[in-house]
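All remarks here apply to the structure that follows.
The values are calculated or read from the model by the stated rules, or taken from the named source; none is laboratory data. Owing to the predicted nature of the structure, the values given are computational and were not obtained by experimental measurement. Glycine gets a Cβ as well: all are built from the backbone with ideal geometry, and neighbour counts include every protein chain shown. Ligands, DNA and RNA are stripped out before the accessible areas are found, and what is left, the full protein with its side chains, is counted by its heavy atoms. Shrake-Rupley method; radii C 1.70, N 1.55, O 1.52, S 1.80 Å.
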Amino acid sequence: MKIILIKDTGPTEKTKIIYDLFNALLRDAGMHADYQVVRAADIGIYGKGVVVKIFPGDIVYQNVQEDDVNNIIDTTLKQNKPIKDLRLDFQNKQIRIVLRNCGVIDPEKIDDYIGQDGYQGIKKVLQKFDPEKVIDEMKTSGLRGRGGGGFPTWMKWNFARGVEMDQKYIICNADEGDPGAYMDRSVLEGDPHSVLEGMMIAGYTVGASKGYLYIRAEYPLAIERCQKAIDQARVYGFLGENILGCGFNFDLDIRLGAGAFVCGEETALIASIEGKRGCPQPRPPYPSIKGLWGKPTVINNVETLANVPVILHKGGAWFSKIGSETSKGTKVFALTGKVQNSSLIEVPMGITLREIVFDIGGGVLDNKKIKAIQTGGPSGGVVPEDLFDTPVDYENLLKLGSIMGSGGMIVMDEDDCMIDISKFYLGFCVEESCGKCAPCRIGGTQLLNILTDISEGKATMSDLDRLTKISSAMQKASLCGLGQSAANPVLSTLKFFKKEYHGHIVEKTCQAGKCSGLFKYEIIQKKCKRCGLCQRNCPVGAIPGDKDKGYLIEQEKCIRCGRCFDVCKFEAVAR
Amino acid sequence: MKNKILLIDDDADFVEATQLLLEANGYDVCCASNGKEGFQKVKEESPDLIFLDMMMTYKTEGAETAKAMAADAAIKMIPIILITGAGKEKDFPMDLKTSDIPVKRILEKPINPETLIQVAKSYIGLTGKERREFVGTLDAIVGKWKDKEGNLIMILHAIQKHYGYVPRNVSFELCRLLHVPLARIYEVITFYNYFKLEPPGKNLISMCMGTACYLKGTPQILDEIKNILGIEAGETTKDGFFQLQNVRCLGCCGLAPVMMINDKVYGKVQRGEVMDILSEYTK
C-alpha cells in the first residue's frame, strides 16, 4: 500500500478538491486498492501551493493543479517516473552525513545499520590501519568538535594517545542541554550504532578499552535504544574482547545525567560519571591527559562521533571536500522559533544564514519582519538580519560574538525583545551555574539584576557600562565554559541592538511589547466592534464600559497580562 | 521499630476509627484532642508524621497550630497533613489562604481509608512486611551496581524510578549499604535537578522552557496555570493532584509552545485552552 499525502500550503484551500480528484481518478484507473490518499494537517512545507508527497519514495510535488493529477497518476504512479516541472527540490541545500541513517533504518536493528555500510569503518581500521594512520586520516578530514568549541578531533585523540597508561577511556557526551537543540537526541534515537562505531574507532586509536555514553535522563527513548544497540553489538562481536579477531578489546556502558546543564562541560561530566556533584575542575590538566579516575580520557560529542565512521569508510579527503576553508563537513542545526519550517537540518559548513532561514526554513512566520537569529544557545549570541549573508563556520560566528554551539538556531522576529532574550538566557545560566567559582555565581546574578532593572525601566545609561565590565570579568575569570560564555547573549545583543537598550532606558519603551511596565494596552475605538469579549476576559476588571459607550482600559488596574490583546478578533487592542 | 503518627482532632469517633486503621497498617499512633495538647505531644513523642484537624476549639486552630510548629526549630521538619471537614461548611474562614498554612497536604473529610494510608506512606517510611520488601528492593538495586565505580548516581536513578522520588529513609538505608556518609548522598541529590526529595503529584505538568517555546509564549501559559492552580513551578497542589515543573526543553520545538501532562504532549497551546486541558485531569 502506497500513501499519497496532500496539503494545500497556499491561501487557496484546494486540498479537498485535489483529494477528491485523486480518489476519483485512481478509482477510474483501477488503482484505488493500492493507494491511500490522505489529507495532511501539516506537511512541513509552506507557501508552495498544493503539495503532494508520495510514500514510500522521495517525490514531492508543489503547485499541483487539477490538470496535473492525471499526469501524476500516469507518469509517476504507473511508470514510476518523476515529473520535473512539478518537483520541489526540498533538500537540495542539505547534505546528510550525520543524519544519513535517521529515518531510513530501523534503529533497533543492527542488521539495518550494517546494510547501510555500518561497521565498515571499524572493520577497515582494525584490519588495515594502525592508530597513527587513523590520526592522519582524521587530520586530513579536518573534523572539529561539534559540541560547540570546534577543537580539532584528531588533536584530542593524539594527546590521549601520547600518554602511556594502563587504562584510558572514551566518553560520548550526550548531555545535550541547550534549550532548543535536539540533534544529539535525534542521532541517538535514529542511528545509535553510528555513535557506537565512532567510539570504537576512537578507542582503538587512543588505546582505550572502555567507553561511557553519558546520556541525559530526560531522553528515555535514546537510552533504551542505545542500550539495545550495545547489547546487539556485543552479540555480533563488535563489542567485547578480540573484536573481529584483531585483538582489540572494547566495551561500553551507559551513564545517566540528572538534569544539570553544567555537566556538558568536560570536567564536570567526568565528575558526574564518577558519581559526584558535577562541578568543573580547573584545566589544565586536560581530560586527554588526566580525566576519568585520573586516566587519559577522550570526550567527544554525539555528532562528532557519528561523523567518524563515514570519514574512515570513505576517507578523510572525501570529507574535507565538504564545507568551508576552516570548517569541514556538515553541521546539524535545530532550526526553530519564528520560522515557517521548524526542523532539524544538516547543511554543509559555509552556507549562509540567509540560505538557512529563507531557502530551507521557508522564511518567517506570519509575514512578520525578521529581526535576528540566535545561535549557540545560552552560550551564543544573536546575529542581526543585515549580517545574514555571513557564511556559517566556527570562525565567522565567533567574529560576530556568537558561537556555533551545539547547533540550536532560533529565528526571532519584530515581536521579540532583545533584552527579554538576554534575560532568558542569562536566567538559564544563573540557574544552572554550579556555584563553585565567584565570577560565574555572583557575576551572573548581578548581570541578571541589571537586565531586570532595564526591562522594568529602572536602569540608567551607566548600567550599560557595568554590564560590559561584569561581562568581561566573567569571560576572563570563570572556571569553565558555562561562566565564560554566559555573558555572550548580553554582549552580542548590546553590540547589535544598542538602540533597544537605549529605548528601554531612556524612552522607557519596549517596542516588542515583552517587558511589562514599558508598554500599555489600549483599545483603538475606531476598530472596536464593541463585542465586549475583552471585558469578559479581563481577570482584574480593568475594562469598564458597555456596548453603547464602548470600552476603555484603566491603566492603573491593568496588569498587562495581554489577554484582551489575545482574544480581540478585530485587532482593536493595541500594544 | 514502628513509625509513629500523631493524630490531633477533637472528633473522638474520627480519632478512634483512624487510630485503628493506622495501627492495622503497622503504625504506632498517639492522639491529642486540641492544638495545645498536640503541641506538647509532638515534643514528647517526636512522631514521624502529624495528622492535624483544622477546626477544633476554634475555627482556625489547626492552621495556628501548624504555624506554631513550623516556627519551632526542633519540630519543624516533621511533616504535617491538615485534615478538614470545613470545605462543606458555610462558615469556613475563606479569607485564610491555604498556601499560607505550612502543611504538606490538605485532606478533606470524609477521607478514604486508602488515601489516608497512601498519604501516610508517602511521607514516612514503611513498616513490617513492606519494610522487608523495601530492603529487598534496595539490596537488589545496590547489588547490581555495588562493584561498579561511580555508582551513586545510577543507584539514585534506580531508586527514583522505583519510588518516584528519593525518600529520606531510603537515603539512610543507602548510606549504610554503601558505607558512605549521608551528606555525600544528599550533596548529590540536591545538586541535580532530576532527583526529587518530595513525592510527586498525581499529575505532573511539565512546561517546556526551551527558547522556541519561550518566544512563542510559555511564560503567559505558565502564568495562567499558576493562576488556576495557585502554585509556583516546582510545587504540588495541596490536594496532591497536580505538580508543576519547568523543564529545559522537551525537544519538540516545532510544536511550540509545548506542555506535557504525565506522558501526553500538548503542542501549540494557547492561553485560553489551559483550563480545558487541566479539567480533563480532574474528572
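Here is how the numbers come out for the structure above:
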quantity	calculated
Helices (runs of 4 or more DSSP H) wholly inside segment B:163-236 containing at least 3 residues that are at pLDDT 85 or above, more than 30 Å from B:Lys283 (Cα to Cα) and within 11 Å of chain A (Cβ to nearest Cβ)	B:182-191
Matching residues in segment A:205-237 - criterion: being surrounded by 24 or more Cβ atoms within 10 Å (Cβ to Cβ) and not in a strand (DSSP E or B)	A:Thr205, A:Val206, A:Ala208, A:Arg216, A:Ala222, A:Cys226, A:Ala229, A:Ala233
Subset of segment A:482-523 (residues that are of a type in the set (A, V, I, L, M) and within 30 Å of A:Cys263 (Cβ to Cβ))	A:Leu482, A:Ala486, A:Ala487, A:Val490, A:Leu491, A:Leu494
Residue in segment A:302-312 that is at pLDDT below 95, open to solvent by 10 Å² or more (accessible area, probe 1.4 Å), over 16 Å from A:Leu188 (Cα atoms) and of a type outside the set (Val, Ile, Thr) present	no
For A:Leu126: the one exception among (1) more than 26 Å from A:Arg225 (Cβ to Cβ); (2) open to solvent by less than 60 Å² (accessible area, probe 1.4 Å)	(1)
Residue within segment A:78-87 that is exposed (fewer than 14 other Cβ atoms within 10 Å of the Cβ) and in contact with a Ser or Thr (Cβ under 6 Å, 6 or more places away or on another chain) present	yes
Scope segment B:249-283; condition within 14 Å of chain A (Cβ to nearest Cβ), open to solvent by less than 20 Å² (accessible area, probe 1.4 Å) and touching a Leu at 6+ places or on another chain (Cβ under 8 Å); matching residues	B:Ala256, B:Val258
Check on B:Leu156, assigned by TED's automatic domain parsing to the domain that holds B:Glu133, within 19 Å of A:Ile273 (Cα to Cα) and modelled with pLDDT of 90 or more	yes
Residue identified as within 21 Å of B:Asp239 (Cβ to Cβ) and open to solvent by 60 Å² or more (accessible area, probe 1.4 Å) among B:Lys59, B:Lys36, B:Lys43, B:Lys76	B:Lys59
Any hit, segment A:149-168, residues being within 30 Å of B:Ala256 (Cα to Cα), touching a Gly at 6+ places or on another chain (Cβ under 7 Å) and not charged (D, E, K, R)	no
Check on B:Ala24, open to solvent by 40 Å² or more (accessible area, probe 1.4 Å), without any contact (Cβ under 8 Å) to a residue 60 or more places away in the chain and out of contact with any strand residue (DSSP E or B) (no Cβ under 7 Å at 6 or more places or on another chain)	yes
Flag if A:Arg530 is farther than 18 Å from B:Val274 by Cβ and either in contact with a Ser or Thr (Cβ under 9 Å, 6 or more places away or on another chain) or within 14 Å of chain B (Cβ to nearest Cβ) (or both)	no
The lone exception for B:Leu138 - which of (1) in contact with a Lys or Arg (Cβ under 6 Å, 6 or more places away or on another chain); (2) open to solvent by less than 20 Å² (accessible area, probe 1.4 Å) it fails	(1)
Residue identified as within 14 Å of another protein chain (Cβ to nearest Cβ), surrounded by 16 or more Cβ atoms within 10 Å (Cβ to Cβ) and aromatic (Phe, Trp, Tyr) among A:Tyr521, A:Tyr551	A:Tyr521
Residue satisfying all of: in segment A:223-274; more than 14 Å from chain B (Cβ to nearest Cβ) and of a type in the set (A, V, I, L, M); nearest to B:Leu156 (Cα to Cα) among these	A:Ile230
In segment A:275-303, residue nearest to the other protein chains (Cβ to nearest Cβ) [restricted to those that are touching a Gly at 6+ places or on another chain (Cβ under 9 Å) and over 23 Å from B:Tyr192 (Cα atoms)]	A:Thr297
